[in-house]
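A short write-up of the structure that comes next.
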Amino acid sequence: MPILKLKSDLPYLLLASCCVLLFLLPPAWQHALEYNQTMIWRGELWRLLSGQLLHSNVYHLLMNLAGLAVLMILHGRLPGRLAVGWQLLLLLLATALALLLLAPEIDIYVGLSGMLHGLLCYGAVADLRQGYRSGILILLGVSAKLALEQWQGPDPVLGAQIGAEVAIDAHLLGALCGVLLALLSWRQIKHQ
């Protein structure tokens, strides 16, 4: 059983480790890895993924790592779901592509928050498929949070804490990507 647990936790732990290691890089290197829309359109495609692994400050990093840990505990070990490593990679890529194509006003972006919203929504839809009614509560809660963010705009207090404007469109697009990925993998999610 411990090996099975490690196998399901490993993608989360690798993602967290990558975030910490990239946070320790010199600022010039981080600048070369951040999601920068202009540079992505010029061919620097690695920024689609690497930018989401960077964070604006230690508070931003710790907040996103805490969210990742909660999602690992909440959804990480449930049976019959898309392999977690693929799920994380697809959500990172889908969120970045959605930002690139649907949110041209976001030129610079760092952080996991878009992907975390996607992961939460993927897990909620998978919960529904597997007969867990908690999925509807999660989707309703996330929907209310996203609607409030879109109505009120970015939270200035949180923005001051993370040293950057909160990218509320990344949250919305990440959540939509999570729902879409779950619906696309609906047949692979075992019904309990």
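A few points about this structure:
- Think of the chain as a dipole: +1 on every Lys or Arg Cβ, -1 on every Asp or Glu Cβ, centred on the Cα centre; then among Ala69, His31, Ile162, Ala69 lies furthest on the positive end.
- Taking the Cα centre of the stretch 60-192 as origin and assigning +1 to Lys and Arg Cβ atoms and -1 to Asp and Glu Cβ atoms, the resulting dipole is close to 840 debye.
- In terms of packing, defined here as the mean over residues of other Cβ atoms within 10 angstrom, the peptides 113-126, 161-174 line up highest first as 113-126, 161-174.
- Three-way shape call for the stretch 9-113 based on the alpha-carbon gyration tensor, with the a/c threshold at 1.5: oblate
- Of Trp151, Trp86, Trp29, the one that fluctuates the most in a GNM where the chain has Cα springs shorter than 10 Å: Trp151
- Nonpolar atom fraction for the chain, defined as the carbon and sulfur part of the 1.4 Å probe accessible area, stands at 73 percent.
- Structure-derived percent of Cα pairs over 28 Å apart: which label, when the choices are (1) 23; (2) 18; (3) 28: (1)
The values are calculated or read from the model by the stated rules, or taken from the named source; none is laboratory data. Remember, it's a predicted structure, so these values are computed and weren't measured experimentally. Heads up, the Cβs are rebuilt from the backbone with ideal geometry, glycines too, and the neighbour counts pull from every protein chain shown. Note: areas computed on protein heavy atoms with side chains; ligands, DNA, RNA excluded. Shrake-Rupley method; radii C 1.70, N 1.55, O 1.52, S 1.80 Å.
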